[in-house]
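Let me begin by presenting the structure, written as structure tokens, before commenting on it.
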Amino acid sequence: MFIALVAASVAGANAQKFQGGEKNLEVTFSPLSASPIGINGIRFRMFNSESSAIRVGFNLSGDKKTDVWSQPGEIGTVTIPELYATNSSFGFSLRPGYEKHFAGTDRLSPYVGAEFLFAMTSTTETEEHHSGNSEATFDDPANWSTWTTERNDGTITFGLNALAGADYYFADNFYLGVEIGLGFQRVSQSDVEVTVSDENAYLNYVETGGTTNVDALVTKNADGKLEVLTIIGDGTGSFKNFNWGPNFQSTFRLGWLF
């Protein structure tokens, strides 16, 4: 593919860059990697004239993984079913920006610009457990049930980036680009939210030596009832992170005009 691009560049010696009014989409291009063509979100540009363009980057992602953390079995007269642990995540980002392009050459278009960043992520950890709702019902299968614990947290990010880059048009309507920047980001951790589907079963489970994914945030109050602690951040003590400095895109941007 890299050889083909070089050949296209030589053949397209008279390739022209944008004139104004065009739109374009981009993918990432790493010619020497195992996966040369990739995508990390979608970037769209619209050229207002020969010297300016507006741009917006967009990314939406998520995953969900379910594992069997406990195989079926028996405890006395009680049959324990297969129990699952599920981890899921969601991510969203939006990067609107503006570019000021300079004369360059017929095939090279250098530019400076700026972009704003907004992003959010969320994660959910769910565990299933099977137990009785009190020690007195340990030998009675009718008082055993499957219940769940769930932990939710996430982040919100704001940022601003000053940009400098260039696009090289190796053929009509196709270009390779590079870009560097200088900016800052503020990442805020959201509060952790914990839910337990059966409070009595949970308290009995942990008092008899069981552990779950939410134990650090759950305790008993003076009345012996379940009480969920409120924390800010992910439990590490960090609520906000502020980062600034230079940054760069480590791959080429491969784009086409339409």
C-alpha long axis of helix 2-11 to longest principal axis of the chain, angle in °: 20
Rg followed by Dmax, in Å, when the range 29-110 is reduced to its Cα trace: 25.0, 82
Sites matching chymotrypsin sites (Phe, Trp or Tyr not before Pro) across the range 96-140 that sit in DSSP coil, with at most 13 neighbouring C-beta atoms within 10 Å: PHE102
Total formal charge among the other residues, if their Cβ is under 11 angstrom from that of ILE80, Lys/Arg +1 and Asp/Glu -1: -3
Cα centre as origin, Lys/Arg/Asp/Glu Cβ charges: the chain dipole, Debye: 1940
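Read the figures in this text as sums done on the coordinates, not as results from a lab. Computed from a predicted model, the values in this text were never measured in an experiment. A quick note on method: Cβ atoms are made from the backbone with ideal geometry, for glycine too, and the neighbour counts reach across all protein chains shown.
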